[in-house]
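Presented below is the structure to which this report refers.
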Amino acid sequence: MDQQPLLEYLIATGPTVIFRQTADGVVSYVSPNIERILGYSPEEVVGVPGFWAARVHPDERDSFVAEEQTFARGETEVERDYRFLRKDGTYSWLHARTHVEYKDSGAVDAFLGYAIDMTDRRSVEQQNAQLFAFPLALIFVAGLDGHFKRVSAGYQRLLGWTEEELLSRPFFEFVHPDDLGMLGASIQGVAEGPTEVVNQEIRARCKDGTYRWLMGSYRPVLDEGLIYGMAVDITERKRTEEALHAAREEAERANRAKSEFLSRMSHELRTPLNAILGFGQLLEMDGLEPRHRDSVQQILKGGRHLLDLINEILDIARIESGKITLSLEPIVLADALWEAIDLIQPLAAEQGIELKAEDSWPPARHVKADRQRLKQVLLNLLSNAVKYNRPGGRVTIRCPDLIGDGLRVEVTDQGAGIPPEMIDRLFVPFERLGAEATGVEGTGLGLALSKGLMEAMGGSLWVKSVPSHGSTFFIELPLSEAPWTTGEEREDGERVATQSSLSSHTLLYIEDNLANLKLIERALDHRPGLILLTAMQGSLGLDIARQHRPDLILLDLHLPDMPGEQLLRHLHADPKTQGIPVIVISADATPGQVQKLLAAGARGYLTKPIDMSRFFQVVDEALAERGLARG
């Protein structure tokens with residue numbers, strides 16, 4: 001096969017210019033691709049004396065001529081890089097390798113060689129040199145043998161090592177011990193697998209013994225046996241992340257401590273109030289003489305005031321900790337308003353205050369709110385408007401039509417008003433702005449709680465006041481679409497009866513507090529059809545439940561030998577007792593605890609101090625569900 005055409009094709013299309021030049025500097029041959037690479041046609045080069053040397057860049061020309069003269073001393077080959085003038089006036093970097101032919105006399109006969117255009121590569125090398133010298137660039141070249149080959153000035157500056165120190169030792173010595181395994185595994189993986197970019201966070205050791213966090217990106221080039229990489233100093237970001245993590249953990253610890261405190265405070269305060277209010281309510285049922293009845297009513301009034309105070313403190317604390325439980329749903333605002341007005345009307349009549357509700361309320365407009373919490377806020381605002389009004393004054397309730405994308409309620413009184421300098425203190429817990437000297441009862445918590453509840457429901461509460469003329473409190477809630485009517489609403493006549501006469505049935509009360517046991521014993525004196533069994537230990541209560549199989553179990557959570565929650569699990573696990581309903585009676589009124597026990601299988605959850613009417617209602621309902629009530 002004739003190889004000449006193939007050889008000519010390779011020479012014409014290749015990146016290498018082949019040439020032959022006589023000793024006197026005349027090019028006798030040049031490959032045709034010179035026109036493609038340098039812009040000159042072969043005819044412009046061949047036969048022109050001094051053509052090549054004349055176009056070498058002036059900065060390299062002297063060394064170029066000097067190297068040609070070395071051939072006269074017997075050298076046969078030389079390699080060199082130089083810039084060559086292209087026909088368009090620009091310079092290209094050429095890498096040339098030249099071989100000399102001698103005459104028999106020893107004189108130079110001709111130069112044979114080739115030149116490769118290295119302009120792009122030299123440009124990259126120059127850019128790399130500039131980049132490696134840039135004081136902020138963290139760039140490195142490492143070998144798969146575990147040593148750095150080149151390290152940028154920025155890398156040296158950051159870590160404090162010189163390039164010589166970094167190149168002289170394995171790069172693993174500059175890595176934190178805890179990161180060595182991860183780094184070694186990743187390098188081993190890329191050395192054996194595809195040459196993909198690897199991103200990794202490691203700690204690099206500084207010369208002063210400290211460590212800097214680096215986010216490194218590197219890629220191995222396996223045929224060169226090298227790893228090319230760059231890094232970013234993320235030390236400050238890591239410190240910020242660690243500080244935020246520590247702050248988050250501290251906040252979580254504080255929240256846990258607050259929750260534990262709320263639970264304990266609820267239990268410790270409600271337990272004595274349980275006896276106070278419980279026995280007070282029983283005394284009230286016993287048909288006392290008027291003077292004794294008045295004394296009992298004062299006891300109950302003071303106890304209920306303390307209970308309200310405890311509940312409000314717990315609610316404010318729950319809102320602050322984000323643990324308030326809300327059930328947001330579409331509510332007709334007018335309905336909630338009328339419910340609150342109806343409840344406050346007797347108080348207003350007693351105080352001689354007129355309640356005036358304007359008729360221009362938006363009909364059937366829905367807002368998104370928790371019904372009970374909204375009612376709590378409205379009652380608070382209305383009762384304050386009544387209590388702090390002037391004698392014979394008026395409370396006006398307005399509900400203007402749409403305000404933007406929400407509905408607003410305005411409650412205006414004709415009281416003494418609030419001085420401008422005291423407005424900011426109005427929603428501070430326990431701050432009554434001097435009202436404690438007026439004889440009007442209060443805790444200073446109602447407005448703080450109301451504001452927190454409104455904000456938790458996505459609404460707002462604020463006030464405008466004119467001294468000597470009165471105040472207007474505003475609440476605003478977001479609009480909501482009306483819910484679909486399901487037709488499943490229960491008629492009033494279908495409500496479960498809560499007052500039933502019972503046949504003789506057995507209740508077991510597991511409680512270690514003697515006063516609480518006596519309270520329930522006295523309470524059941526009003527229900528002669530109920531027999532009460534008691535146990536002051538969890539294990540004893542479990543035995544009694546298994547042996548006597550009571551119709552209902554009342555369970556305290558704080559028992560001396562086992563937690564009440566654990567006892568509840570035992571009761572549900574035992575075939576003899578698993579069908580017996582259990583009602584928890586506890587001083588822990590935190591929503592999380594209530595939900596946890598109900599989810600664990602409790603039939604109901606009553607909080608201390610016990611509301612006796614609610615107690616009898618829950619007992620009646622539990623027994624009625626078992627078919628034990630007599631109609």
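Coupling constants for the stretch 155-170 follow from the phi torsions by the Karplus curve (6.51 cos²θ - 1.76 cosθ + 1.60, θ = phi - 60°), and in residue order they are 5, 5, 5, 5, 8, x, 8, 7, 5, 4, 5, 6, 7, 7, 10, x Hz; glycine and proline get x.
At an R0 of 56 angstrom, the distance between the Cβ atoms of L326 and C206 translates into a FRET efficiency of 0.60. Report the extension gain between T90 and S186 in nm, rounded to one decimal, defined as 0.36 nm multiplied by the number of residues separating them, less their alpha carbon distance. Fully extending the segment from T90 to S186 adds 30.0 nm. For the stretch 540-631, the list of chymotrypsin sites (Phe, Trp or Tyr not before Pro) that fall in a loop by DSSP and count at most 10 other C-beta atoms within 10 angstrom is empty. Remark: relative contact order (the stretch 543-631) = 26 percent; criterion is Cα-Cα distance under 8 angstrom and separation of 6 or more residues. Cross-link check: pairs K368/K451; K149/K238; K576/K608 evaluated at a Cα-Cα cut-off of 23 Å; pairs beyond the cut-off: K149/K238; K576/K608. The Cα center of the stretch 141-193 and the Cα center of the stretch 527-604 differ in position by 66 Å. Working ranking of peptides 228-238, 545-555, 289-299 by packing, defined as the average number of other Cβ atoms within 10 Å per residue, highest first, is 545-555, 228-238, 289-299. Label sites at R371 and S504, each approximated as a point 7 angstrom past Cα along Cα to Cβ, lie 4.2 nm apart. Between A53 and E224, the FRET efficiency estimated from the beta carbon spacing at R0 = 22 angstrom works out to 0.05. Extension gain, D109 to H292, is 51.9 nm, computed as 0.36 nm per intervening residue step minus the present C-alpha separation. Going by accessible surface with a 1.4 Å probe and the largest first, W52, W93 read W93, W52.
What spacing in nm lies between the two simple spin-label points modelled at H548 and V232, each 7 Å away from Cα in the Cβ direction? The two pseudo-label positions are separated by 7.2 nm. For the stretch 276-290 versus the stretch 377-433, the inter-centroid distance based on Cα atoms is 36 Å. Computed packing ranks the peptides 279-287, 342-350 as 279-287, 342-350, most packed first, by mean other Cβ atoms within 10 Å. The 1.4 Å probe gives accessible areas that order S41, S460, largest first, as S460, S41. In this simple spin-label model, placing a label point 7 Å from the Cα along the Cα-to-Cβ direction at both H99 and L347 gives a separation of 11.1 nm.
The values are calculated or read from the model by the stated rules, or taken from the named source; none is laboratory data. Just so you know, these numbers come straight off a predicted model, no measurement behind them. Cβ sites come from the backbone with ideal geometry, for glycine too, and all protein chains shown count toward neighbours. Surface accessibility is based on the protein's heavy atoms, side chains included, excluding ligands, DNA and RNA. Shrake-Rupley method; radii C 1.70, N 1.55, O 1.52, S 1.80 Å.
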